[in-house]
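Contents: one structure, followed by commentary.
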Amino acid sequence: MALEIYNTLTRKKELFTPLEPGYVGIYVCGPTVYSDVHLGNCRTFISFDVIYRYLKYLGYKVRYVRNITDAGHLEGDRDEGDDKFSKMARREKLEPMEIVQRYTLGFREVMQLLNTLPPTIEPTATGHISEQIEMTQQIIANGYAYEKEGTIYFDVEKYDKEKTYGILTNRKLEDLLEGTRELGGQEEKKGRLDFALWIKAKPEHLMQWPSPWGMGFPGWHIECSAMSNKYLGKRFDLHGGGMDLAATHHTNEIAQNEACFNESPAQIWMHTNMLTVNGTRMSKSLGNGFLPHELFTGNHPLLEQGYSPMTTKFFMLQTQYRSTLDFSNEALQASEKGLKRLWDAYTVLQKLTYTADTIDSELEEKVLKLVNGFEECMNDDFNTAKVLANMFELVPVINSIKDGLIKVSAITETTFTLLQEKMKVFLEDVFGLQQATEEGSGKLANVMELLIDIRKEAKAKKDFATSDKIRNQLTAMGIVVKDEKDGSVSWSA
Ligand code: AMP
Ligand code: ZN
């Protein structure tokens, strides 16, 4: 079965045919770096990391562009409220670029702990101001945007006369207008749905650039249109982001590109579903976000224990990216046990050696079907959950071989080698899961004991600089140290 991907635009799974054979261009909306990413954001970025890895596994040459939003994202999605960066910079008495630097580094550290690959291009909004101005000029020249006192608005109603504004989420303009309230402070807009391409800056605004319309800063939506166009061209294969971005941000991206180039940017629009807490979307603004470090250390009032980055990732991969996933202690504990069970079997499997004997054709067929199923499940819109279910069906087979209940020779050598290879490739290369080897973990335990001792001594001497350094640097390496209530110290890698 060839790769099929669900396209939000057509509301169905489609056979994936890249625009240029052998090459895939993918654009994913990256983080807004004015605060730490939460686990919901991580879910989206992990999903696209696995998609990127799988496309590479299939042999494609992939250009993976994921931007960093470091300017222009206002508090409200519809250009209302303050600039998120300026607000945070004022509150913390820092330069906006110090905020950006702090959270960009934090984001990359978390992505590394979760063993995701960096994108091939990671452009920033502030690095592409001239491209955003140029696109805005072209949209004005084409008649789809207008200026009001130094701010440029996209004329949604005019655009919708020729194209369909709500095409991505299948909504009519009348319905969208009806469901949109008038916002204060934006009286100069012609239409309620009009959104800003360029925003006039007040003199005290911390980040502003010169433009043909005076000092200002770009709107959030034009940033992604300008950067995807620059690195992937007017038309590219895949565009992704969380589902929450479809109705406004991505709808506006399509409108901007159509208005500028008379072309819709992406063949396929992919949207990850939300990580929820008690059924409510995890979000920065709702304040129900769990930070990755809170989860890794267990340092959160609602957490019963810490969970390693790999358990966190495994928990997410056990659900297909288009289904909602609810965050709970129970679910994470189950994932921790599941990952251990699977990884133990995987470690056993890699050490087994094959010897020829009589073949059990029923078992041979079963193993072959499950192993070949890895690719089939991924080809069915990247169903990581089904791949893992297949792997779990293989665990008792591997364990029975280990315990001598089944002879390794019951399956053919070709199937045995395939099983070993595909388990490795899917667990490590496609899913990006990892674990210290058994030999390594013995030595690691000794080193950890020593470090925990040194940290205890430092704390006793009130040398918190040293104790914090040990803990923070270990966390950065993916090793989480936890102070237990009974005074003991535990760790997980
Ligand atoms: P932001 O930094 O808020 O712009 O979000 C970065 C990415 O995370 C976007 O693609 C969002 O759609 C996605 N996202 C935000 N909240 C969640 C959530 N609860 N679950 C999954 N993805 C999310
Ligand atoms: Zn975007």
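The values are calculated or read from the model by the stated rules, or taken from the named source; none is laboratory data. Small disclaimer: the values here were computed from a predicted structure and weren't measured. With ideal geometry, Cβ positions are generated from the backbone for all residues, glycine too; neighbour counts draw on all protein chains shown. Keep in mind that these areas ignore ligands, DNA and RNA; they rest on the heavy atoms of the full protein, side chains included. Shrake-Rupley method; radii C 1.70, N 1.55, O 1.52, S 1.80 Å.
General observations
- Of residues in region 466-483 being among the β-branched types (V, I, T) and assigned to a helix (DSSP H, G or I), the one nearest to K313 (Cα to Cα): T475
- Failed condition for F217, given (1) touching a residue at least 12 places away in the same chain (Cβ under 8 Å); (2) within 16 Å of ligand 1 (Cβ to nearest atom): (2)
- Output for region 223-237, where each listed residue is within 11 Å of ligand 2 (Cβ to nearest atom) and either among the aliphatic types (A, V, I, L, M) or open to solvent by 10 Å² or more (accessible area, probe 1.4 Å) (or both): A226, M227
- Lone qualifier among I133, I139, I152 - being farther than 23 Å from L9 by Cβ, in a helix (DSSP H, G or I) and either in contact with a strand residue (DSSP E or B) (Cβ under 9 Å, 6 or more places away or on another chain) or modelled with pLDDT of 95 or more (or both): I133
- The set of residues from region 318-330 being open to solvent by less than 50 Å² (accessible area, probe 1.4 Å), under 29 Å from K13 (Cα atoms) and either in a helix (DSSP H, G or I) or β-branched (V, I, T) (or both) comprises just one member, T319.
- Look at (1) in contact (Cβ under 8 Å) with a residue 60 or more places away in the chain; (2) away from ligand 2 (no atom under 16 Å from the Cβ); (3) open to solvent by 20 Å² or more (accessible area, probe 1.4 Å) and you find that H38 fails only one, number (3).
- In summary, F45 fulfils each of the numbered conditions (1) open to solvent by 50 Å² or more (accessible area, probe 1.4 Å); (2) within 29 Å of S264 (Cβ to Cβ) with the single exception of condition (1).
- Per-region count, region 439-465, residues open to solvent by 60 Å² or more (accessible area, probe 1.4 Å) and either modelled with pLDDT under 80 or in a helix (DSSP H, G or I) (or both): 14
- Summed over region 238-275, residues that are in a strand (DSSP E or B) and either surrounded by fewer than 18 Cβ atoms within 10 Å (Cβ to Cβ) or within 16 Å of ligand 2 (Cβ to nearest atom) (or both) total 11.
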